[in-house]
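Data block below; observations after.
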Amino acid sequence: MVEMIVVLAIIALVAVMIVPNVIGRPDQARVTVAKTDLKTIAAALRMYRLDNGDYPSTDQGLQALVERPTTQPEPANWNSEGYLPEAPKDPWGRDYVYRSPGRSSGFDLISYGKDGEAGGEGLDADLTDRSR
């Protein structure tokens, strides 16, 4: 009986040490997914620009990578298979922020992180594509 209590105490001690480390991982995984998504979307935007001469307008948004835009400026050589299989959402279920032209380049592509608001630190920090 004493041996069982000792084993249970050891298991409880190990659980207390491991659980806090595991609990934070889903949020870190979401940040990693968002960074990967941003690179994928940016690559699709560059392909769109190569095919059509410019990025989709802010009004056309990222949906222009999924369905051929019908508003101006209409793309001249839009890929019939599209550039992405579906409209992208960040890992927290919100739309990525897309602006064209961007503040310092051809486009801005942003996820506002866990809190969904501009600014922040840690998990709430804004994520942008910096590969341009």
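Derivation of every value follows stated rules applied to the coordinates shown; laboratory data play no part. These numbers come from a predicted model, not from an experiment. Neighbour counts run over all protein chains shown; Cβ positions are idealised from the backbone, glycine included.
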Long-range tail of P(r) for the chain (Cα pairs > 19 Å, %): 58
Between helix 25-52 and the chain: long-axis angle, C-alpha atoms, 0 to 90°, nearest 10: 10
Positive minus negative residues near Pro56 (Lys, Arg vs Asp, Glu; Cβ under 13 Å): -2
Diffusion constant of the stretch 22-80 at 37 °C, which comes from Stokes-Einstein with the Kirkwood Cα-pair radius and 0.692 mPa s, µm²/s: 255
Tyr96 long-range amide H proximity, modeled H, under 5 Å: Asp90
Within-12-Å neighbourhood charge of Pro69 [Cβ basis; K, R +1; D, E -1]: -3
Helix 2-23 axis, angle to the chain major axis (alpha carbon atoms, nearest 10°): 20
Phi to ³J(HN,Hα) by Karplus 6.51 cos²θ - 1.76 cosθ + 1.60 over the stretch 89-103, Hz, x for Gly, Pro: 10, 6, x, 9, x, 9, 5, 6, 8, 10, 9, 9, x, x, 5
